[in-house]
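K.L.:
Let me begin by handing over the structure; questions about it come next.
The values are calculated or read from the model by the stated rules, or taken from the named source; none is laboratory data. The shown structure was predicted, so the numbers you read here are calculated from the model rather than taken from an experiment. All Cβ positions, glycine included, derive from the backbone under ideal geometry; neighbour counts span all protein chains shown. SASA here: full protein model, heavy atoms, side chains in, ligands and nucleic acids out. Shrake-Rupley method; radii C 1.70, N 1.55, O 1.52, S 1.80 Å.
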Amino acid sequence: MIHAIPKLPVHNITSSITFYEYQLGFTLIYSDEEYAILTYDKVELHIFKWFTTDSVSQLIAQSCRIRVKDVAKFYDDYKEKNIIHPNGHLITQPWGETDFTVVDINNNAISFYE
């Protein structure tokens, strides 16, 4: 394996792009009515329009982790925007990583870690 790209379900492409651009600092590189690709430095994130079916009637929240340098800086920036998950404050985990979690407008959890 060489590389992984998170792909998260969203209710609305346009409002989700706005969240990722203005709240998290990503840059949009592609979008249409059902799919978008955003980047932040070397990280690429894909979002797709979640369509309900008879067997799947609601959006299922997903999660991903993004490795960063200076996790405390990201935490401070996102804390000012009030997007930190209530149970996702900056903490050093028993395995040695320091992380925190934000939740997007679609209930997807994104953990940033160092």
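K.L.:
Between a residue in region 92-114 that is closer than 23 Å to I13 by Cβ and of a type in the set (K, R) and any residue that is modelled with pLDDT of 95 or more and open to solvent by 30 Å² or more (accessible area, probe 1.4 Å), which pairs come within a Cβ distance under 7 Å, given they are 6 or more apart or on different chains?
P.N.:
none
K.L.:
Also, I was wondering about something else. Output yes when any residue across region 45-56 is within 13 Å of F112 (Cα to Cα), at pLDDT below 95, hydroxyl-bearing (S, T, Y) and open to solvent by 80 Å² or more (accessible area, probe 1.4 Å), and no when none is.
P.N.:
The answer is no, given that none of the residues of region 45-56 is within 13 Å of F112 (Cα to Cα), at pLDDT below 95, hydroxyl-bearing (S, T, Y) and open to solvent by 80 Å² or more (accessible area, probe 1.4 Å).
K.L.:
Also, I was wondering about something else. Given the condition out of contact with any Leu (no Cβ under 9 Å at 6 or more places or on another chain) and either modelled with pLDDT under 95 or among the aliphatic types (A, V, I, L, M) (or both), answer yes or no: does some residue in region 70-79 qualify?
P.N.:
Within region 70-79 (the criterion being out of contact with any Leu (no Cβ under 9 Å at 6 or more places or on another chain) and either modelled with pLDDT under 95 or among the aliphatic types (A, V, I, L, M) (or both)), the answer is no, since none of the residues qualifies.
K.L.:
Within region 67-102, can you find the residues that are outside any loop (DSSP other than H, G, I, E, B) and crowded, with 17+ Cβ neighbours inside 10 Å?
P.N.:
V71, F74, Y75, Y78, I84, D99, F100, T101, V102
K.L.:
Being crowded, with 17+ Cβ neighbours inside 10 Å and either among the small types (G, A, S) or not in a loop (DSSP other than H, G, I, E, B) (or both) is the filter; apply it to region 9-36 and report the residue that is nearest to the chain's Cα centre (by Cα).
P.N.:
Looking at the filtered set, the residue picked out is Y20.
K.L.:
Going by the structure shown, is T39 open to solvent by less than 40 Å² (accessible area, probe 1.4 Å), touching a Gly at 6+ places or on another chain (Cβ under 6 Å) and within 24 Å of A4 (Cα to Cα)?
P.N.:
When the stated conditions are applied, T39 does not pass them.
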